[in-house]
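Everything below concerns the one structure shown next.
The values are calculated or read from the model by the stated rules, or taken from the named source; none is laboratory data. A quick note: this is a predicted structure, and the numbers were derived from the prediction, not measured. Positions of Cβ are generated from backbone atoms using ideal geometry, with glycine treated the same way; all protein chains shown enter the neighbour counts. We work out accessible area using only protein heavy atoms, side chains counted, and drop any ligands, DNA or RNA first. Shrake-Rupley method; radii C 1.70, N 1.55, O 1.52, S 1.80 Å.
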Amino acid sequence: MSVADSSWSVASWQGKNASQQPDYPDADALDAALATIAAQPPLVTSWEIETLKTHLAEAAHGQRFLLQGGDCAERFHECTADIITARLKVLLQMSLVLVYGLRKPIVRVGRFAGQYAKPRSSPTETRGDVTLPSYRGDIINDIAYTPEARQPDPRRLVKAYGTSALTLNFVRALIDGGFADLHHPEYWELDFARHSPLSSEYEAIVDRIHEALRFAETVADGPISGIRRADFYTSHEALHLHYEQALTRHVPRRDGVYNLSTHFPWIGKRTAHLDGAHVEYMRGIRNPIGLKVGPTLPPSDLQALITRLNPDDEPGRLTLITRLGVDQIEDRLPRLIEAVQALGTTVLWCCDPMHGNTEVTESGLKTRHFDNILGELEQAMAVHQAMGTYLGGVHFELTGEDVTECIGGARGLTEHDLERAYTSVVDPRLNAEQGLEMALRIVRSHQHIQPGRNGSAA
Ligand code: PEP
Ligand code: CO
């Protein structure tokens with residue numbers, strides 16, 4: 001949006017059709033919660049957001065690689081030291097493997113500190129002869145199957161703001177304190193990973209990096225700057241528009257407004273409607289934004305969405321997160337790429353190999369097969385390579401916990417194992433070992449594929 005566009009305001013989305021919004025029984029209670037949030041300090045700053053935008057612009061041109069990952073849905077009660085550190089550990093391990101194997105700086109973006117609102121395929125859930133509102137994420141209601149728990153409660157908005165702040169505070173303190181220091185990858189060791197079938201491959205990379213670091217620091221006669229920290233940015237689906245609006249602000253000495261609840265909000269597949277409220281809201285904020293692109297989106301609609309969301313072709317503004325499924329990517333992705341090429345704009349192409357590959361087991365559990373996830377990723381790399389574009393990022397649902405939600409991987413998890421440690425209430429996540437394996441496999445596939453023309457996007 002050009003800054004002069006007077007048809008947009010932070011509330012202009014309210015004049016559009018807003019899908020996936022909760023129905024609060026008490027409008028005054030909602031207003032009170034939003035007023036509380038609006039009076040609180042922001043969670044992130046415009047400086048951070050602008051730096052991330054620059055990094056994403058570089059990733060679009062093949063100079064960086066985006067690693068985005070975290071829970072499908074964060075839970076309030078999982079805002080704990082153990083869970084936050086474990087998630088950071090697996091993301092750091094993956095980024096270490098990627099930086100080593102791709103020879104590019106990694107842009108690390110967590111699906112955390114605000115990933116609390118979930119789009120649902122049905123507004124209600126029926127068990128036996130009882131029908132209740134669906135669970136829509138902790139920011140809206142509770143998972144327990146009772147009418148009270150499922151009632152949307154606006155006080156949860158304030159709680160979501162608070163747990164986002166607690167999460168971010170801890171992440172920032174860990175990073176500032178040296179948790180991500182490349183000299184000390186032992187800080188990110190996950191207990192169970194020591195016995196993992198992948199540990200020797202990972203350890204070999206760590207050793208080689210150490211050797212290179214020692215060499216470089218000997219030559220430089222001192223520590224190399226930047227090695228002691230690894231920045232993390234945050235992202236979440238900008239689904240609950242009242243919440244997003246309450247944290248959307250002007251900042252001194254900058255044009256326009258920023259969503260200061262997160263660095264990098266994205267539009268989900270179910271709300272990517274050209275004339276819908278989500279696209280209206282997102283077109284006016286200054287953040288870099290993501291757009292999930294599913295297999296049913298016609299290429300001409302994608303073009304219209306790009307023109308609406310990034311009319312000035314601002315570098316780093318728009319990341320297309322394709323989630324097409326292993327069976328459809330080969331057919332759909334080339335057409336989407338052609339549509340973007342025809343517009344002549346630059347986007348960052350990112351592959352979410354999770355959401356197009358969800359299936360339900362006979363016992364009714366949602367799962368995903370490691371091989372399908374990897375298969376979609378490998379095809380994404382191959383298609384971009386063939387079309388002269390650059391796959392500049394990946395988007396995973398993962399956790400640092402030793403869960404059994406996705407099938408396959410080096411440890412060969414089967415459908416039978418799913419019952420053992422399945423804790424996600426929405427989508428199945430890669431466990432830490434599967435996440436690390438994914439990073440190792442990306443590097444392996446990358447080494448078979450030549451970098452695109454100048455490594456740059458068309
Ligand atoms: C998600 O990222 O959790 C999600 C719901 O994805 P999508 O909008 O791509 O279905
Ligand atoms: Co999900």
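Just to be sure before I move on: is Ile49 open to solvent by 10 Å² or more (accessible area, probe 1.4 Å) and in contact (Cβ under 8 Å) with a residue 40 or more places away in the chain in the structure I sent?
no
If I filter the range 94-113 down to residues being open to solvent by less than 10 Å² (accessible area, probe 1.4 Å) and assigned to a loop (DSSP other than H, G, I, E, B), which single residue comes out as farthest from ligand 1 (Cβ to nearest atom)?
Looking at residues that are open to solvent by less than 10 Å² (accessible area, probe 1.4 Å) and assigned to a loop (DSSP other than H, G, I, E, B), I get Ala113.
Is it true that some residue in the range 50-68 is within 29 Å of Arg150 (Cα to Cα), at pLDDT 95 or above and not aliphatic (A, V, I, L, M)?
no
Being away from ligand 2 (no atom under 16 Å from the Cβ), hydrophobic (A, V, I, L, M, F, W, C) and touching an Asp or Glu at 6+ places or on another chain (Cβ under 9 Å) is the filter here, so list the residues in the range 242-281 that pass it.
Residue satisfying the conditions is Leu274 alone.
Residues in the range 65-93 that are more than 16 Å from Asn169 (Cα to Cα), in contact with an Asp or Glu (Cβ under 6 Å, 6 or more places away or on another chain) and surrounded by fewer than 21 Cβ atoms within 10 Å (Cβ to Cβ): how many?
1
Out of the residues in the range 402-415 that are open to solvent by 30 Å² or more (accessible area, probe 1.4 Å) and either in a helix (DSSP H, G or I) or without any contact (Cβ under 8 Å) to a residue 40 or more places away in the chain (or both), which is farthest from ligand 2 (Cβ to nearest atom)?
Selected residue: Gly412.
Can you give me the ranges of the strands (runs of 3 or more DSSP E) entirely in the range 314-401 with at least 3 residues that are within 16 Å of ligand 2 (Cβ to nearest atom) and open to solvent by less than 10 Å² (accessible area, probe 1.4 Å)?
391-397
Among residues belonging to the range 167-191 that are in a helix (DSSP H, G or I) and either among the hydroxyl-bearing types (Ser, Thr, Tyr) or at pLDDT below 90 (or both), point out the one that is surrounded by the fewest Cβ atoms within 10 Å (Cβ to Cβ).
Among those that are in a helix (DSSP H, G or I) and either among the hydroxyl-bearing types (Ser, Thr, Tyr) or at pLDDT below 90 (or both), it is Glu186.
Could you please find all residues in the range 416-446 being of a type in the set (Asp, Glu), away from ligand 1 (no atom under 16 Å from the Cβ) and buried (at least 18 other Cβ atoms within 10 Å of the Cβ)?
Within the range 416-446, Glu433, Glu437 qualify.
What are the residue pairs meeting all of these: first residue in the range 60-77, first residue over 19 Å from Gly400 (Cβ atoms), second residue assigned to a helix (DSSP H, G or I) and more than 16 Å from ligand 2 (Cβ to nearest atom), Cβ atoms under 7 Å, and 6 or more apart or on different chains?
That search, which allows pairs on different chains as well, returns Gly62/Gly455; Arg64/His55; Arg64/Glu58; Phe65/Ala59; Phe65/Leu98; Phe65/Leu102; Leu66/Leu56; Leu66/Ala59.
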